[in-house]
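Everything below concerns the one structure shown next.
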Amino acid sequence: MERIHVAVRARPLSTEEAKTSPWRISGNSILIPNNSFKFEFDRIFGEDCKTVDVYQARTKEIVAAAVRGFNGTVFAYGQTNSGKTHTMRGSATEPGVIPLSVHELFETIQQDVDREFVLRMSYMEIYNEEINDLLAPEHRKLQIHESLERGIHVAGLREEIVASPEQVLDFMEFGESHRHIGETSMNLYGSRSHTIFRMIIESRDKSEDEDIVSSCDAARISVLNLVDLAGSERAAKTGADGVRLKEGSHINKSLMTLGTVIKKLSEGAESQGFMQMRLKAVSSLQAELYMLQTVLV
């Protein structure tokens, strides 16, 4: 599996947008005709695609790898009102990436008869640069800590042990009811925070003799992160002022920081034998930063 995979999902354009947008899709590229701007991606999904197609393309593999003990992260990134939450959460008629991943996860572990699993979940939001626990709304302004035992973690974040997809999605629905949302001129129901949904997967080999445990595989722990980022926005288009303007400023700042982190992670990758990864990451980063600059102007 590639270490970094970047896909674009195009949403249907309105008649007016179709007339004014300079961008065109050609294969797995986005370009401006008769211009030097052209960005290559691993995959571009057309506006008629289904969420399950997006899920099957790569997220399914990431979920399977998480069961095997590898950490994985999927996040939706884009301008406000571009359909990120629809892709990640979905609807009753078209489940999103998160519910599809949850059901796949439980189906996969049920088929693994040689290991026993314990699953935990957490759900947090980053709102105006502050971390809030969506499963325990009273836990606000949480801090990131680092320790030898737990590594980097959010202190005080609630983790719930879960035993079924329905239980996970019920907790998620509870968390969504406490997420910060708001209305702007571009979106009647817009996310005003980034959310991070985490599944912590712990497993151990089953053994007939409980006293005999392999020292090299006593426990296997991995984390699956599914992230719904708030959308970048331009104040002139959203009509934001007051609280909404402050929120938009924090959102744009954090997304620019994310772009910087991706760039730093990709620098020097060729010396580690990951030239292809670096080219994809940098190409995608350039596209993201260019689009951000477009909305920030």
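In region 1-98, which GluC sites (Glu not before Pro) fall in coil by DSSP and have 16 or fewer other Cβ atoms within 10 Å?
E2, E47
Using Cα pairs closer than 8 Å and at least 6 residues apart in sequence, work out the relative contact order for region 47-195, in percent.
On the way: 181 pairs, mean separation 29.5, N = 149.
20 percent.
Take the solvent-accessible surface of the protein heavy atoms, probe 1.4 Å, and return the percent of it on region 1-142 that carbon and sulfur atoms account for.
48
By the scheme Lys and Arg +1, Asp and Glu -1, what is the net charge of all other residues having a beta-carbon under 14 Å from that of V162?
Once positives and negatives cancel, what remains is -3.
So, in nm, how far is label E130 from label Q143 when the simple model puts each one 7 Å beyond its Cα toward the Cβ?
1.5
Across every pair of different alpha-carbon atoms, what Kirkwood hydrodynamic radius in Å does region 33-187 reach?
After inverting the pairwise mean of 1/r, the radius is 18.0 Å.
Could you give the length gained on full extension between S91 and N71, defined as 0.36 nm per residue of separation minus the Cα-Cα distance, in nm? Can you show the working numbers first?
Values: separation 20, 0.36 × 20 = 7.20 nm, distance 2.68 nm.
Result for the pair: 4.5 nm of gain on full extension.
Between M256 and V223, 0.36 nm times their residue separation minus their Cα-Cα distance comes to what?
Roughly 9.4 nm would be gained on extension.
Between D114 and R3, what is the label-to-label distance in nm when each label sits 7 Å out along the Cα-to-Cβ direction?
2.8
So if I restrict to the alpha-carbon atoms in region 23-67, what is the Rg, and what is Dmax, the biggest pairwise distance, in Å?
Computed over the Cα atoms of region 23-67, radius of gyration and Dmax are 14.0, 46 Å.
Based on the alpha carbon coordinates of region 1-96, what radius of gyration and maximum Cα-Cα distance (Dmax) apply, in Å?
Computed over the Cα atoms of region 1-96, radius of gyration and Dmax are 15.1, 48 Å.
From the backbone phi of region 121-135, what are the Karplus-calculated ³J(HN,Hα) couplings (6.51 cos²θ - 1.76 cosθ + 1.60, θ = phi - 60°) in whole Hz, Gly and Pro given as x?
Taking θ as phi minus 60°, the curve returns 9, 9, 8, 10, 10, 10, 10, 6, 6, 10, 9, 10, 8, 6, 8 Hz for region 121-135.
The values are calculated or read from the model by the stated rules, or taken from the named source; none is laboratory data. Note that this is a predicted model, so its numbers are computed, not measured. As a convention, Cβ positions derive from the backbone with ideal geometry for all residues, glycine included, and neighbour counts pool all protein chains shown. Calculation scope for accessible area: heavy atoms of the full protein, side chains included, ligands and nucleic acids excluded. Shrake-Rupley method; radii C 1.70, N 1.55, O 1.52, S 1.80 Å.
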